[in-house]
Amino acid sequence: MSWFVLVLSGVLEAVWATALGRSEGFTRLAPTVTFGVALVLSMGGLAYAMRDLPVGTAYAVWVGIGAVGTVGWAMATGQEPASLVRILLVGMIVAGVVGLKLTH
């Protein structure tokens, strides 16, 4: 259950990071509210997962999923350029996250 919650929390990290960028310095209401809710849920899930998982592993997986989700969404929506090199580098982050899960 901890791994499931950790993955969900990582996805929520990508949500709050994206919402933070769209909030334009907390001047837009909907992205600001989305940021706050996703942030609280993401941190709560990370804290829950850390009850069973080592801190370093949990944090690295959480950040990795959040980073991949954030940059993946930005590339998919055209906010950031997508290239073969960038996609391969993001794939390396995914490989690291999977490796941490497999070696746990």
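Each value in this text was obtained by applying a stated rule to the coordinates, not by laboratory testing. Keep in mind that this is a model prediction, so the values were computed, not measured. A quick note on method: Cβ atoms are made from the backbone with ideal geometry, for glycine too, and the neighbour counts reach across all protein chains shown.
Under the convention that each Lys and Arg Cβ holds +1 and each Asp and Glu Cβ holds -1, the size of the dipole of the stretch 2-102 around its Cα centre is about 40 debye. Compute the relative contact order of the stretch 2-102 as a whole-number percentage, counting only Cα pairs closer than 8 Å that sit 6 or more residues apart in sequence. Here the relative contact order equals 33 percent. Counting beta carbons within 10 Å around each of VAL61, VAL33 and listing the fewest first gives the order VAL33, VAL61. Of the trypsin sites (Lys or Arg not before Pro) found in the stretch 43-104, those in coil by DSSP whose Cβ has at most 13 other Cβ atoms within 10 Å are ARG51.
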